[in-house]
Amino acid sequence: MYKVLLVDDERIITDGMSKVIKWESIGTSLIGTAKNGLEAFDKITQNKPDIVISDIKMPGMNGLELVAKVHEHYPEIRFILLSGFSEFDYAKQAMVYGVKHYLLKPCNENTIIEALKEISEELNQEKEREQFITNMQETLENVLPYAKEQWLKEYITNIYANTDSTSYQKLLEFDLDLSNVRLVLFQIEGSFQVEQLFAIKNIAELNFKSYILSCSVGELILILLRDDGEHSQLHEKIEKIRKNFYQYYQLDCTIAVSETGKISHANKLYKEALDCLNYRFYLGEGSIITKEDIDNQNDDYDQQEFYYDDQKFCRMVKSGCWREVEDEINSFFSCLADLRLDISATKSYVIQLFNSMIRLCDAHSMNSYLTKLQVLLELETIHSMKSFFKDIAAEITDVFFQQTKNKHSSIISRVLEVIENHIADPQLSLQWVANEMLYMNADYLGKLFKKETGEKFSNYLTRVRIGKAIYMIINESDVKIFELAEKIGFGENAQYFSQVFKKQTGFTPSEYKREAVQGM
């Protein structure tokens, strides 16, 4: 309902119009009447009517003066002026203040109703227009950040390389004269959702005082910053963002930072940041990488060739000694990391060594490891390639270790058998067993024996001989000392036997025999 105020110094007219016109039927409501311009202005100030129906000729303040004053303070209020024929020229003056409706007295109710309907329709259209504009402004306010993000994404990826985006930038209210900006790229490591991309943008916006704009480019988040000259503080803020993000999602980020440049060079800065990001292959996940990190490498690295003896490594794997294999793997990858060759070249060296290693396996195992070759190729850091390579190398090395262990066990079992069968032979020794019985190198056999049994051959032989002597003393009451010496390999040297026996047991053979008899 539009509010209407009637103004006329003739009460009969205001009373008549109040009663005759059905205000609600035309979408209006009569909020009151006034007998002159002064009273009318007071009521207008208090009640803010939408429409005023006023006579022109009134005492105190006439209708034209009322229109002028109301237009000054409340230009949105509409007027319908009533005038006599002789006052028509005055009514024209009201047109200056936007009055479109003036009616000649006497006028009937239908004429007034038509005028009210026209003004109501105008007011309706004005409201619709204002609502439409408000909706558009709200929509633009909501959409503008996304439009700016889209522009930044398209600008840094060089979509506008051959076009003038100036007018578009002006529409986005974007500063074209930014001369000192940086681009910061965030790459989330591991599997993540869109939510995490949004979180990075949000955390960055809160932490960077120099924040201008951000957008997503594929699976990367790009942040545009004003360069405030505080390079060390920038790194601190980036590290804080990385830690905050990890705290919330337990996901790490690798960050690349471009040099400073003009916004018009955004595409160049973007490519620079991408180059930095590629070096996460060498610097590892969770790094903050700048152009300086890349420039620190030797310019001649790309021309260097990396020589490595694959066969030497394969011999280590076949030996079954994981400690040696692991040390060699660490050395191999450390050398590649230091060289920082082209990433494809580094991967080719790793693949070459991987292929040499898996060819040591049987056909079934080799085919199984070949299926993992693609996984190795797709790994994005040298550290992850090293970990993957180590896992496979450990499996293969262990296979050879078990094979060697079984082979060694059979050899040592044969040595123990020789000792058992030749315990009485004074010639029994490591050299004799190796040369006369097993036909192998004595030093190698000695090392193998100690590795398998945990003690030297000579110590083991002495312990077995004394053990056999103790058994004979306890179970053969009439055995003589010289007989014992002969039966366990000391020959005719009973005195030496007695010395060895006492060293091992703390008693001479005779003392041990007496203790054994008494104990029985």
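Listing for the model above:
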{"item": "Nearest-ten-degree value, helix 231-249 long axis tilted from longest Cα axis of the chain", "result": "80 degrees"}
{"item": "DSSP beta bridge pairing in the chain, given as percent antiparallel to the nearest 5", "result": "45 percent"}
{"item": "Equivalent ellipsoid semi-axes, the range 52-123, via Cα gyration tensor eigenvalues times 5, rooted, Å", "result": "17, 17, 10"}
{"item": "Extension gain (nm, one decimal) between residue 422 and residue 496, 0.36 nm per residue minus Cα-Cα", "result": "24.7 nm"}
{"item": "Projected-area mean, the range 440-520, by convex hull of Cα positions, square nanometres", "result": "6.3 nm²"}
{"item": "Residues of the chain: accessible area per residue with a 1.4 Å probe, Å²", "result": "57 Å²"}
{"item": "Whole-percent pair-distance distribution, where bins are 10 Å wide, for the alpha carbons of the range 262-380", "result": "11, 34, 31, 16, 6, 2, 0"}
{"item": "Intensity falloff of the chain expressed as log10 I(q)/I(0), Debye formula with alpha-carbon point scatterers, at q = 0.05 Å⁻¹", "result": "-0.56"}
{"item": "Distant-in-sequence amide H partners of residue 2 (H built 1.01 Å from N, under 5 Å)", "result": "28, 29"}
{"item": "Longest to shortest principal axis, alpha-carbon extents of the range 310-368, angstrom", "result": "34, 25, 16"}
{"item": "Hull-based mean projected area of the range 1-70, where the convex hull spans the alpha carbons, in square nanometres", "result": "4.2 nm²"}
{"item": "CD proxy at 222 nm, helix term only [per DSSP H run n ≥ 4: -39500 (n - 2.57); per residue of the chain; nearest 500]", "result": "-19000 deg cm²/dmol"}
{"item": "Sum of side-chain charges, residue 381 neighbourhood, beta-carbon under 12 Å (Lys, Arg +1; Asp, Glu -1)", "result": "-2"}
{"item": "Residue-count net charge about residue 507 - beta-carbon cut-off 15 Å; Lys, Arg +1, Asp, Glu -1", "result": "+2"}
{"item": "Taking the range 323-447 and dividing mean pair separation by its residue count, relative contact order in percent (alpha carbons under 8 Å, at least six apart)", "result": "19 percent"}
{"item": "5 angstrom amide H check on residue 253, placed H, neighbours 5+ away", "result": "189, 286"}
{"item": "Cα centroid separation - the range 338-387 against the range 447-506, whole Å", "result": "56 Å"}
{"item": "Crossing angle, helix 11-20 versus the chain [Cα axis fit, 0-90 degrees, rounded to tens]", "result": "50 degrees"}
{"item": "The chain - percent of accessible surface contributed by carbon and sulfur, probe 1.4 Å", "result": "48 percent"}
{"item": "Summed residue charge, Cβ within 14 Å of residue 476's Cβ, Lys/Arg positive, Asp/Glu negative", "result": "+1"}
{"item": "Exposure ranking of 422, 101, 364 by accessible area [1.4 Å probe, largest first]", "result": "364, 422, 101"}
{"item": "With Cα atoms, 0 to 90° folded angle of helix 494-505 axis to the chain main axis", "result": "30 degrees"}
{"item": "Estimated FRET transfer efficiency (residue 278, residue 247; beta-carbon r; R0 25 Å; 0.05)", "result": "0.35"}
{"item": "Hull-based mean projected area of the range 328-453, where the convex hull spans the alpha carbons, in square nanometres", "result": "10.2 nm²"}
{"item": "Cα shape, the range 377-437, gyration tensor, a/c 1.5 rule", "result": "prolate"}
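The values are calculated or read from the model by the stated rules, or taken from the named source; none is laboratory data. What you see is a predicted model; the values in this text were computed from it and never measured. Backbone-built Cβ (ideal geometry, glycine too); neighbour counts: all protein chains shown. Just so you know, the surface numbers come from the protein's heavy atoms only, side chains and all, with ligands and any DNA or RNA stripped out. Shrake-Rupley method; radii C 1.70, N 1.55, O 1.52, S 1.80 Å.
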